[in-house]
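Structure first, commentary second.
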Amino acid sequence: MHKGFLRPVYGSYGVDSLLNILVTGGLGYIGSQACVALVQAGHGVVVLDDLSNSQRSVREQIEKIAGSEIHLEIGDIRDEECLCRLFNEFNFSVVFHFAGLKSPLESVAVPVDYYDCNVNGTLSLLKQMKRSQVKTLVFSSSASVYGIPAEIPVTEKNSVTNPSHPYGRSKLVVENILADLSSADREWRIACLRYFNPVGAHPSGLLGENPQTIPCNLMPYIVRVASGRLEKLSVFGVDYSTVDGTGVRDYIHVQDLVEGHLAALNYLECNSGFITLNLGTGQGVSVLQLIHEFENVTEIKIPFVTTERRAGDVAECWADASLAENMLGWKATRTLADMCRDAWRWEQQCLQKSS
Ligand code: NAD
Ligand code: WQD
């Protein structure tokens, strides 16, 4: 049976929803905030998450902000029986696929785990989608597919033949699978969204990123230094040929990213086929610039030392996000100050909870 993309769903949650959407990894940093936005837009949300990098309590926060219930299924995207049960129970029209492992460093140590979760996980999802004739997918890809970019700002035309680590390669494998699938069956509607450096948190302070170990990423590290959970920041490399010698990235507020997903959903409503889009701000920011902005916004000094470059880091990487603007009518609007303010509010909330 063909399920029309815009078929309304009646009664799943006691209210009428526009669409029923499966959100894999919906308790994670980005997925949880996407769930809020989807519920607020009137959709029914079913989360599938194995809790490998999240907590059950995130569900309550989603529901608190969104003011409505979601359905939560604890399970693995590689569990085909679980997928089959969910697809039979809910009349999904769309899948937002966030679930996956995301640490470049860890992926070097355990590449098989990364390919298994990210590639096999996506394959099991696609097989079930095909069986259930659900052919609309928004996929979380990453700027890491570009490896060392040949051109800055990075357009989608940049070569993606050489990501720097197994994590990036696992995302590229999935992108290629999705492109092949779309070529084979033009009914599929697929958006591959290449995120640059998502930072910040939900403005309520109720949802954000809370790494269980010492953070590897810059913003989570800075906020923990600010709160005193970590002593000082190491700035990895001051001899790059960049504005001030430190690495330059495209930090994007997670709420802008989420809005990009909703814009992609609107686009897919009207267009079949396969699109790959950068989601970034188009602005390069150095490590020192981010530290200074954070200090300005919070009036907290961030002690740091400068160290050797981190292995595998590129000097600079920021997006040309004009394709997303042209195709989706979407543009990141939040400032670096917003990112710092919201990340700091979230850290304070985490500290309060743990004390
Ligand atoms: P996250 O780790 O916070 O969220 C991922 C969620 O997926 C977690 O809740 C985890 O428990 C769940 N999960 C992992 N493996 C699973 C499995 N096999 N079955 C079911 N659930 C599983 O990560 P995030 O930062 O929210 O990232 C979401 C997606 O975006 C990931 O695919 C990631 O690779 C991609 N991405 C993230 C960034 C970033 O910097 N955060 C950048 C680019 C791309
Ligand atoms: C940013 C800058 C560091 C920590 C990673 C993944 C990428 C994507 C986003 C998933 C760099 C410097 C960092 C620190 C520092 N994730 N830094 N001290 O490396 O651009 O991207 O997250 O898809 O795949 O690789 O982000 O936040 O780690 O680093 O000086 O303690 O901050 O050298 O210049 P990165 P990051």
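Tabulated data
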item	result
Members of segment 192-227 found to be more than 16 Å from ligand 2 (Cβ to nearest atom) and within 30 Å of Ile275 (Cβ to Cβ), listed by number	His202, Pro203, Leu207
Cβ pairs under 6 Å, 6+ apart, first in segment 248-272 and open to solvent by 10 Å² or more (accessible area, probe 1.4 Å), second among the polar types (S, T, N, Q) and within 11 Å of ligand 1 (Cβ to nearest atom)	Arg249/Asn197; Tyr251/Asn197
Matching residues, segment 194-247, being touching a residue at least 60 places away in the same chain (Cβ under 8 Å), open to solvent by 30 Å² or more (accessible area, probe 1.4 Å), farther than 15 Å from Gly284 by Cβ and within 13 Å of ligand 1 (Cβ to nearest atom)	Pro198, Glu209, Asn210, Gln212, Cys216
Single match in Leu6, Leu19, Leu83 (criterion: more than 26 Å from Trp346 (Cα to Cα), modelled with pLDDT under 95, aliphatic (A, V, I, L, M) and crowded, with 22+ Cβ neighbours inside 10 Å)	Leu19
Inter-residue pairs, beta-carbon under 7 Å, first within 22 Å of Lys102 (Cα to Cα) and in segment 44-64, second surrounded by fewer than 17 Cβ atoms within 10 Å (Cβ to Cβ), 6+ apart	Asp49/Ile74; Asp50/Ile74; Leu51/Ile74
Among (1) open to solvent by 20 Å² or more (accessible area, probe 1.4 Å); (2) part of a helix (DSSP H, G or I); (3) away from ligand 2 (no atom under 12 Å from the Cβ); (4) touching a strand residue (DSSP E or B) at 6+ places or on another chain (Cβ under 8 Å), the one test that Val297 misses	(4)
Residue tally, condition surrounded by 22 or more Cβ atoms within 10 Å (Cβ to Cβ) and of a type in the set (A, V, I, L, M, F, W, C), over segment 135-155	6
Segment 22-53 - residue that is more than 18 Å from Val258 (Cα to Cα) and of a type in the set (S, T, N, Q) and, of those, most open to solvent (accessible area, probe 1.4 Å)	Asn53
Test result for Arg189, more than 9 Å from ligand 2 (Cβ to nearest atom), closer than 22 Å to Glu347 by Cα and of a type in the set (D, E, K, R)	no
Members of segment 54-67 that are surrounded by fewer than 18 Cβ atoms within 10 Å (Cβ to Cβ), of a type outside the set (Asp, Glu) and more than 11 Å from ligand 1 (Cβ to nearest atom)	Ser57, Lys64, Ala66, Gly67
Output for segment 168-186, where each listed residue is more than 11 Å from ligand 2 (Cβ to nearest atom) and of a type in the set (Lys, Arg)	Arg169, Arg186
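The values are calculated or read from the model by the stated rules, or taken from the named source; none is laboratory data. All of these numbers come straight from a predicted model, not from anything done at the bench. Positions of Cβ are backbone-derived with ideal geometry, glycine not excepted, and every protein chain shown enters the neighbour counts. Just so you know, the surface numbers come from the protein's heavy atoms only, side chains and all, with ligands and any DNA or RNA stripped out. Shrake-Rupley method; radii C 1.70, N 1.55, O 1.52, S 1.80 Å.
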